Amino acid sequence: MRSIKTVQDAGRWGDEPRSQQVRRRAGSARIEFRRAKAAVIEAFERSFLERALTDSRGNVSAAARLIGKERRAFGKLMKKHGLSRRSLSRPRVNRARPLPVRRTRVIRDPGGSS
């Protein structure tokens, strides 16, 4: 004959009730879920900020407007993720005019020989 354990009997027999085992496992899964979620959110925020700063050539105010954040809140996010505007700005394209080409004079031979 099999004995049936109830929640009340479990403490008497030294076993923990099934419901506590499930709660303990669910609790650790909940912690792992939170950690994984936090890691994904952090990676998303960082890459989103990096892209905005790169697109705005390191201009923090322009990057904040680009993503719809206030400048101050954007700065706090940058600090949180350890970003600086200089590290993510695109190198400026040299838009200066090219140097003029020097033309050389052709001196004709005064002797008339061709």
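The values are calculated or read from the model by the stated rules, or taken from the named source; none is laboratory data. Just so you know, these numbers come straight off a predicted model, no measurement behind them. Please note: Cβ atoms are built from the backbone with ideal geometry, for glycine as well, and neighbour counts cover all protein chains shown.
Here are some notes:
- Per-region count, region 54-73, residues without any contact (Cβ under 8 Å) to a residue 24 or more places away in the chain and at positive phi: 1
- Helices (runs of 4 or more DSSP H) completely within region 28-96 that count 3 or more residues being at pLDDT 90 or above and over 13 Å from the mean Cα position of the chain (by Cα): 60-67, 71-80
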